[in-house]
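J.: Here you go, one structure.
The values are calculated or read from the model by the stated rules, or taken from the named source; none is laboratory data. In this text, all values refer to a predicted model and were calculated from it rather than measured experimentally. Cβ atoms come from the backbone with ideal geometry, glycine included; neighbour counts cover every protein chain shown. Heavy atoms of the whole protein, side chains included, go into the accessibility calculation; ligands, DNA and RNA do not. Shrake-Rupley method; radii C 1.70, N 1.55, O 1.52, S 1.80 Å.
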Amino acid sequence: MGPLDGVRVLDLSRILAGPTCTQLLGDLGAEIIKIENPNGGDDTRTWGPPFVTGKDGQPTDLSSYFLCANRNKLSVAVDIATDEGQETIRQLAAQSDIVIENFKPGGLAKYGLDAATLCAADPALIYCSISGYGQTGPNAHKPGYDLMAQGYGGIMSLTGEPDGQPMKVGVGIADVMCGMYASVGILAALRHRDQTGEGQHIDLSLVDSQIAWLINEGTSHLTTGKRPIRRGNGHPNIAPYQVFATADGHVIVAVGNDSQFRRFCGFLGLDTLPDDPRFATNSARLNNREALIDALVPPLAALEIDDVIEGLEGCGVPVGPVQTLDQVFASDQVAAREMAVTVACDDADTGAVRLIGNPLKFSATPVTYRRAPPGLGQDTAEVLRRLKIKP
């Protein structure tokens, strides 16, 4: 029984931002009814390989991409382009606490499934709309994709090597963070509704949420008016705080203050470096970053990763490896924190699928993994019967 047990979410979203939000709500105990087009379902079902192999040895409609954001959900196949489908959605919405969608602004109005219509029918309904640029503004009509949001919102201008191309983050982080903001907004709206009985419309955009997590680089620009530059794996406000090559790979060193810098230099045998006025303070090190890095690279390159980590951990300097995903998921830390979970799945040839765990650890209402990501429409009959839906 999770903290959201008894809350029902009608999920009209697909791809990643909306499904990330609803998977999180589902992990917390909410019932998630995922509406999918009978002709193919969520786009990400086809975003493979890899796919889960079925008991017949053939690929299923469970791509690894679909798996990442669709556990703890019921799949109901409904064609909202038909009168019957629209009536089904209206009846489902009337029995739901939350509706979430990521159609283009105005795209659901022609079906009578927009926020204004459904919230008028049920003033207690919480309706969350996710779009590329939001429901207002000059770009509201434009489609939204993670890559476009990363470009428009500025994060790509900060990511990559100084002399290289602007670079996107390696995963759809704008989508994921938008889904996280959506979940926070929905929980706040639930709190408001429980106190007042009043629902509301939440308007969230990929670009807005991406701009929001420009954090210190964004406020640095607002403070100075200057355009930040790409620094690869370096930090704009701390040095040395980056990836360094070693004799057998790469290691992260994150020196956060002057005393750590002195211990770091002592480990490398560079005892005089902290007394050099160019490097004595963090501000000085930032102003002389290139000379500092030139001094640090050779001694680190002569050492092996394990020796660097053991040595710096021993003298209290933050340090860590750059792990590949096989190393990540094989680690004792992942096992201890249950960040890789196995969930029973009748469609899979092995009878189960492996998924990434939820990072939330509750003392009283733990996260639950009740359902594997569903096959397209597998719950249609059961949900419509249980909720007495008659198209």
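J.: What tally of residues in region 144-153 results from selecting those that are open to solvent by 20 Å² or more (accessible area, probe 1.4 Å) and part of a loop (DSSP other than H, G, I, E, B)?
T.: Here the count works out to 2.
J.: Looking at 326, 276, 294, which is the one that is among the charged types (D, E, K, R) and surrounded by 15 or more Cβ atoms within 10 Å (Cβ to Cβ)? Show your work before the answer.
T.: Details: 326 fails: surrounded by 15 or more Cβ atoms within 10 Å (Cβ to Cβ); 294 fails: surrounded by 15 or more Cβ atoms within 10 Å (Cβ to Cβ).
After ruling out the rest, the residue left standing is 276.
J.: So, of the residues in region 109-138 that are free of Cβ contacts under 8 Å to residues at least 40 places away in the same chain and assigned to a loop (DSSP other than H, G, I, E, B), which turns out to be farthest from residue 12 (Cα to Cα)?
T.: Taking the candidates together, the pick is 138.
J.: Only one residue in 3, 38 is assigned to a loop (DSSP other than H, G, I, E, B) and in contact with a strand residue (DSSP E or B) (Cβ under 6 Å, 6 or more places away or on another chain), so which one is that?
T.: Answer to the selection: 38.
J.: For the subset of region 48-64 comprising residues that are open to solvent by less than 50 Å² (accessible area, probe 1.4 Å) and free of Cβ contacts under 8 Å to residues at least 60 places away in the same chain, which member is farthest from the chain's Cα centre (by Cα)?
T.: Of everything passing the filter in region 48-64, 48 is farthest from the chain's Cα centre (by Cα).
J.: Kindly provide the set of residues from region 351-364 that are open to solvent by 40 Å² or more (accessible area, probe 1.4 Å) and either farther than 26 Å from residue 76 by Cβ or in contact with a strand residue (DSSP E or B) (Cβ under 6 Å, 6 or more places away or on another chain) (or both), ordered by number.
T.: Within region 351-364, 354, 359, 360, 361, 362, 363, 364 meet the criteria.
J.: Same structure again: Within region 170-226, which residues are within 23 Å of the chain's Cα centre (by Cα) and β-branched (Val, Ile, Thr)?
T.: Within region 170-226, 171, 173, 176, 184, 186, 202, 207, 211, 215, 219 qualify.
J.: Check whether at least one residue in region 165-174 is open to solvent by less than 20 Å² (accessible area, probe 1.4 Å), part of a helix (DSSP H, G or I), more than 16 Å from residue 98 (Cα to Cα) and not acidic (Asp, Glu), and report yes or no.
T.: Looking through region 165-174, at least one residue is open to solvent by less than 20 Å² (accessible area, probe 1.4 Å), part of a helix (DSSP H, G or I), more than 16 Å from residue 98 (Cα to Cα) and not acidic (Asp, Glu).
J.: So for region 65-84 (the condition being closer than 30 Å to residue 359 by Cα and open to solvent by 50 Å² or more (accessible area, probe 1.4 Å)), does at least one residue qualify?
T.: The answer is yes; a qualifying residue exists.
J.: Quick check on region 31-47: of everything there that is touching a helix residue (DSSP H, G or I) at 6+ places or on another chain (Cβ under 8 Å) and within 21 Å of residue 144 (Cβ to Cβ), which residue is most open to solvent (accessible area, probe 1.4 Å)?
T.: 47
J.: Output yes when any residue across region 16-30 is under 24 Å from residue 198 (Cα atoms), surrounded by fewer than 21 Cβ atoms within 10 Å (Cβ to Cβ), of a type outside the set (Asp, Glu) and touching a residue at least 24 places away in the same chain (Cβ under 8 Å), and no when none is.
T.: Yes: one or more hits.
J.: Of the conditions (1) part of a loop (DSSP other than H, G, I, E, B); (2) without any contact (Cβ under 8 Å) to a residue 60 or more places away in the chain; (3) open to solvent by less than 20 Å² (accessible area, probe 1.4 Å), residue 106 satisfies every one except a single condition; which number is it?
T.: The failed condition is (3).
J.: If I ask for residues that are open to solvent by less than 60 Å² (accessible area, probe 1.4 Å) and outside any helix (DSSP H, G or I), which ones from region 154-164 would you list?
T.: 154, 159, 160, 164
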